[in-house]
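Worksheet: the structure to be examined is printed underneath.
What follows is calculated from the coordinates using simple rules that are stated; it is not laboratory data. Just so you know, these numbers come straight off a predicted model, no measurement behind them. Here the Cβ positions follow ideal geometry from the backbone for every residue, glycine too, while neighbour counts run over all protein chains shown.
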Amino acid sequence: MNLAEKTNLATAPLDVPTAIMQRRSTRNFKTDPIAPELLNKLIDLTIAAPSSWNLQSWHAVMVQGEAQKAALAEAAWGQKQIIQAPVTFVFVGAAYIWQDKERWQQICEIAIANQAWNEEFVGFLNNGMPPFQEGLGEKNREYAIKDAMIAATHLALAAESLGLATCFMNGWAEDQVKQIIGIADRDDLAIALVLPVGYTDEEKPSPGRLPRSRMISVGTLDNLYTG
Ligand SMILES: Cc1cc2nc3c(=O)[nH]c(=O)nc-3n(C[C@H](O)[C@H](O)[C@H](O)COP(=O)(O)O)c2cc1C
């Protein structure tokens, strides 16, 4: 059974290079809902993202109700794609979640059950991870946001591959977004990204990107790539 059959999709998923090149930040969505099995597929592909120490230092809150969507759009200076899209994911970086010993134990148990880690490797991680994270100090926030952004990028590309559109969004007031998802008093949590997901109602070209030589260097930053 291929992925299209497993997820009841009408068409086969796009391959990764096509999804990357075809994805656009959509600012006009249809209000059509996303089928529950498709949403679950998307969620599984998001959770599959890699993370530092496999800590998975993020949460995503799905905003779906009309009143909550309206509040979130207001927190994003009226950006209407949040109101149109059937679901908007708010990605949250969890800076100190590594201190949750029971959660860490579950991560280790799953990896051992998958035969990806053994007891010796878990011992190595148990010695290394807490002091590393402790030493990060204020950078714990930054590291959690990295994990959250990688997960959000997985979601966006998986969505494109499965026939859905997204819009990466940074334009919002963090305090308001935190209030809307019920974490106003949590200094350990940071909003990383807001990502509406749904069916696009527009077709538009890519704005394009800078040439390789502006973006890529070899060895040192001043040695521009010419290939
Ligand atoms: C981190 C990030 C934040 C962004 N924030 C917004 C936003 O608040 N509103 C919006 O309409 N687009 C936002 N964008 C979309 C960018 O404008 C868009 O990615 C860029 O113009 C390139 O277009 P493309 O995504 O269609 O390739 C954001 C993109 C990124 C990666």
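With N set to the residue count of region 51-98, report its C-alpha Rg divided by 2.2 N^0.38 Å to two decimal places. Display every interim value, and only then the final one.
Working: Rg = 13.4 Å, N = 48, 2.2 N^0.38 = 9.6 Å.
My calculation over the Cα atoms of region 51-98 gives 1.40.
Quick query: amide H of residue 200 versus all other amide H atoms, modeled in the peptide plane; which residues come in under 5 Å with a sequence gap of 5 or more or a different chain?
Under 5 Å from the amide H of residue 200: 30, 165.
Per the helix-only calculation at 222 nm, which mean residue ellipticity applies to the chain, given -39500 (n - 2.57) for every DSSP H run of n ≥ 4 and division by its residues, nearest 500 deg cm²/dmol? Could the numbers behind the result be given before it?
Values: 10 runs with 102 residues, N = 227.
-13500 deg cm²/dmol, from helical runs alone.
Sorted by mean Cβ packing within 10 Å, highest first, what order do the peptides 189-198, 53-62 take? Don't skip to the answer; put the middle values down first.
On the way: 189-198: 24.2, 53-62: 19.5.
My ranking of the peptides, most packed first, is 189-198, 53-62.
Rounding to the nearest 10 and keeping the result within 0 to 90°, find how far the Cα-based axis of helix 139-161 lies from the longest principal axis of the chain.
40 degrees
In a solvent-free Debye calculation with one equal scatterer on each Cα, what is log10 I(q)/I(0) for the chain at q = 0.09, 0.13, 0.16 Å⁻¹, listed in the order of the q values?
-0.45, -0.92, -1.21
Quick one: of 30/139; 139/178; 178/204; 139/204, which pairs are farther than 28 Å apart, Cα to Cα? Provide the component values of the computation, followed by the final result.
Values: 30/139 39 Å; 139/178 20 Å; 178/204 32 Å; 139/204 38 Å.
From the list (30/139; 139/178; 178/204; 139/204), the Cα-Cα distance tops 28 Å for 30/139; 178/204; 139/204.
Based on the alpha carbons, how large is the Rg to Rh ratio for region 91-153 when Rh follows Kirkwood?
Details: Rg = 12.7 Å, Rh = 12.7 Å.
So for region 91-153, dividing Rg by the Kirkwood Rh gives 1.00.
Using only alpha carbon pairs under 8 Å that are at least six residues apart, calculate the relative contact order of the chain and give it in whole percent. Write out the running numbers ahead of the final one.
Values: 334 pairs, mean separation 71.2, N = 227.
Relative CO of the chain lands at 31 percent.
For the chain, take the longest principal axis of its alpha carbons; what is the angle in degrees between that and the long axis of helix 119-136, to the nearest 10 within 0 to 90?
Tilt of helix 119-136: around 70 degrees.
May I ask you to give the average projected area over all directions of the convex hull of the Cα atoms of region 16-127, in nm² rounded to one decimal?
9.8 nm²
If you project the alpha carbons of region 19-79 onto the principal axes, what extent comes out on each, in Å, largest first?
Each principal axis gives a Cα extent; for region 19-79 these are 37, 26, 25 Å.
For region 62-133, what are the per-bin percents of Cα-Cα distances with bins 10 Å wide, up to the bin holding the maximum?
17, 29, 16, 22, 16, 0
Provide the convex hull volume over Cα atoms per residue for region 59-194, in Å³.
124 Å³
How big is D for region 125-220, in µm² s⁻¹ as a whole number, if Stokes-Einstein is applied with the Kirkwood radius of its Cα pairs at 25 °C and 0.890 mPa s?
Estimated via Stokes-Einstein, D reaches 146 µm²/s.
Sorted by average packing, counted as other Cβ atoms within 10 angstrom per residue and highest first, what order do 173-182, 73-82 take? Let's see the in-between values first.
Working: 173-182: 15.4, 73-82: 18.2.
Most protected by this proxy first, the peptides run 73-82, 173-182.
Give me the angle, in degrees from 0 to 90, between the Cα long axis of helix 101-113 and the longest principal axis of the Cα atoms of the chain, rounded to the nearest 10.
Long axis of 101-113 versus the principal axis of the chain: about 80 degrees.
Could you give the distance between the Cα centres of region 146-223 and region 58-130, to the whole Å?
Using only Cα atoms to place each centre, the spacing works out to 15 Å.
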